[in-house]
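The values are calculated or read from the model by the stated rules, or taken from the named source; none is laboratory data. Keep in mind that what you see is a predicted model, and the values were worked out from it rather than measured. Counting neighbours? That spans all protein chains shown, and the Cβs are built from the backbone with ideal geometry, glycine included. Ligands, DNA and RNA are stripped out before the accessible areas are found, and what is left, the full protein with its side chains, is counted by its heavy atoms. Shrake-Rupley method; radii C 1.70, N 1.55, O 1.52, S 1.80 Å.
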Amino acid sequence: NAGVTQTPKFQVLKTGQSMTLQCAQDMNHEYMSWYRQDPGMGLRLIHYSVGAGITDQGEVPNGYNVSRSTTEDFPLRLLSAAPSQTSVYFCASSYRIRQGSEQYFGPGTRLTVT
Amino acid sequence: QQQVKQSPQSLIVQKGGISIINCAYENTAFDYFPWYQQFPGKGPALLIAIRPDVSEKKEGRFTISFNKSAKQFSLHIMDSQPGDSATYFCAASGMGETSGSRLTFGEGTQLTVNP
């Protein structure tokens, strides 16, 4: 199993540009999520999905869109990039159970917005 | 507002020493408390986790101590090794079909173990 994969590894955008961060998992996990990691702030939840066709907002959703058309894929879209979105982005997946479960993280995408 | 507060921000320990990282939470609905370990350039990976029905959980050199009344939990790394040098995050989540998988993370602790 490849686990959770993310592309690209690095990306530089200009303010106002759009892009999609890709995330895929091959573990048949129902739950997928996107986090951003910033120094001194830990990881903050952007959006999450409990299954194909179902998404919801996390702690910091503004400026990001998601969709979940298949169990395997969960892309994150930046419609109009801003310097405040410079961060490292992690995708994660897990089995969906009621009382907490191990999250499997991808290797991350380092995004710089100039 | 950070619902899970972690300290210290950085920690330097000598090889063979004990590393202690502390976390405090506010939300009494939290029911699952994992610790994640992250090496540079990698995604976080689950290290150890505890539920509030026990006060301590040990896995090898890693121990979680949990104090439900104080709403605090801590990670102890015994016999710390240079290979333990990494960033450690505490986290918490609640019960429920969706909240069971929504993790709230602490700010992170950069641990350095000197040889």
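With contacts taken as Cα pairs under 8 Å and at least 6 residues apart, chain B reaches a relative contact order of 37 percent. Annotation: lysines with alpha-carbon distance below 29 angstrom to B:K71 (same-chain offsets under eight excluded): B:K5, B:K57, B:K58. Judged by the ratio a/c of the largest to the smallest principal axis of the C-alpha gyration tensor, region B:29-115 counts as oblate, that ratio being 1.5 or greater while a/b is no larger than b/c.
Annotation for region A:1-104: chymotrypsin sites (Phe, Trp or Tyr not before Pro) lying in DSSP loop with at most 15 further Cβ atoms inside 10 Å of their Cβ are A:Y95. For the set B:I77, B:I12, solvent exposure ranked by accessible area (probe 1.4 Å, protein chains only) runs largest to smallest as B:I12, B:I77. Counting heavy atoms of the protein chains alone, A:I54 has an accessible area of about 90 Å² for a 1.4 Å probe.
Surface calculation, 1.4 Å probe, protein heavy atoms: A:R44 sits at approximately 40 Å² accessible. Annotation: aspartates and glutamates with alpha-carbon distance below 13 angstrom to B:K15 (same-chain offsets under eight excluded): B:D79, B:D84.
Using a/c under 1.5 as the rounded threshold, could you call region A:4-101 rounded, prolate or oblate? The axes a ≥ b ≥ c are square roots of the C-alpha gyration tensor eigenvalues, and prolate needs a/b larger than b/c, oblate otherwise. Taking the square roots of the gyration eigenvalues as a ≥ b ≥ c, region A:4-101 is prolate. Bridgeable lysines around A:K9 (alpha carbons under 22 Å apart, same-chain partners fewer than 8 residues away excluded): B:K42. Computed on chain A, with alpha-carbon pairs under 8 angstrom and 6+ residues apart, the relative contact order is 35 percent.
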